[in-house]
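Notes follow the structure.
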Amino acid sequence: KGVVINHIRKILHELDGVELLYEKGRFRLVFGDAFYCDYIDYYGLIGEKKTLVPKGDNFEKCVKIWMRGRFLDGIGHEALDADKCQMDHMVISSVPIAMEEAYRTGNYMQVIRLCQVLFHVDSFNESALLYYVCACKNLGHSKEALKRYQQFVESYKKAMNEPYPVEYESISPLSVHYRFP
């Protein structure tokens, strides 16, 4: 046990702002200001009621965390499956609502950011594609819109073994409003 603890201490010594303390017969990790972990930050934002959708400033802070990519992507340990699933559910339940609101208010850069977050969790999310293309077009970034559409179509064809049924030319702000009134 002592050897394992010493190995852990050596590993943690290499990280700034993390310390392993032994108090009252228990070990605990203490995090200083120099240490940042998005996992800890995220659960601090959503609080103990992990099913709540973050609001206001907390939502924007969550978006910054989500923009980094899918939560614990590439780590396939069973113990983390519930947390990964919960994070995906949080993104899928809250981001489309915020995406629609940002589009309605003309905050197209925020729409693009939210679409990117949604693509991390669901790379075939058609709502995200439509909003992304329309937001880019509204910002005058037609080349970026077409590039994203082509990436989506290519991935869709590989995964579904059939062409994507929506033509680029048919995507317009009206298609977004028609689809999501």
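So which residues in region 96-117 are touching a helix residue (DSSP H, G or I) at 6+ places or on another chain (Cβ under 7 Å) and either within 11 Å of Val63 (Cβ to Cβ) or of a type in the set (D, E, K, R) (or both)?
Ala98, Met99, Ala102, Gln110, Arg113, Leu114, Val117
Within the bounds of region 25-34, is there any residue that is assigned to a loop (DSSP other than H, G, I, E, B), more than 16 Å from the chain's Cα centre (by Cα) and hydrophobic (A, V, I, L, M, F, W, C)? Explain how you work it out, then say what you get.
Restricting attention to region 25-34, the residues satisfying the condition of being assigned to a loop (DSSP other than H, G, I, E, B) are 25, 32-34.
Of the ones still in play, those that are also more than 16 Å from the chain's Cα centre (by Cα) are 25, 32-34.
Restricting the remaining residues to those that are hydrophobic (A, V, I, L, M, F, W, C) gives 34.
Checked region 25-34: at least one residue is assigned to a loop (DSSP other than H, G, I, E, B), more than 16 Å from the chain's Cα centre (by Cα) and hydrophobic (A, V, I, L, M, F, W, C).
Among the residues of region 62-100, which ones are open to solvent by 90 Å² or more (accessible area, probe 1.4 Å), under 11 Å from the mean Cα position of the chain (by Cα) and modelled with pLDDT of 85 or more?
Residues satisfying the conditions are Lys64, Arg68, Arg70, His89.
Just one of Leu15, Leu21 is outside any helix (DSSP H, G or I), open to solvent by 40 Å² or more (accessible area, probe 1.4 Å), farther than 20 Å from Ser123 by Cβ and in contact with a strand residue (DSSP E or B) (Cβ under 9 Å, 6 or more places away or on another chain); which is it?
Of Leu15, Leu21, the one residue that is outside any helix (DSSP H, G or I), open to solvent by 40 Å² or more (accessible area, probe 1.4 Å), farther than 20 Å from Ser123 by Cβ and in contact with a strand residue (DSSP E or B) (Cβ under 9 Å, 6 or more places away or on another chain) is Leu21.
Could you please find all residues in region 151-181 being open to solvent by less than 80 Å² (accessible area, probe 1.4 Å) and modelled with pLDDT of 90 or more?
Phe152, Val153, Ser155, Tyr156, Ala159, Tyr164, Val166, Tyr168, Ser170, Ile171
The values are calculated or read from the model by the stated rules, or taken from the named source; none is laboratory data. For clarity, every value in this text was computed on a predicted model and none was experimentally measured. Cβ sites come from the backbone with ideal geometry, for glycine too, and all protein chains shown count toward neighbours. Calculation scope for accessible area: heavy atoms of the full protein, side chains included, ligands and nucleic acids excluded. Shrake-Rupley method; radii C 1.70, N 1.55, O 1.52, S 1.80 Å.
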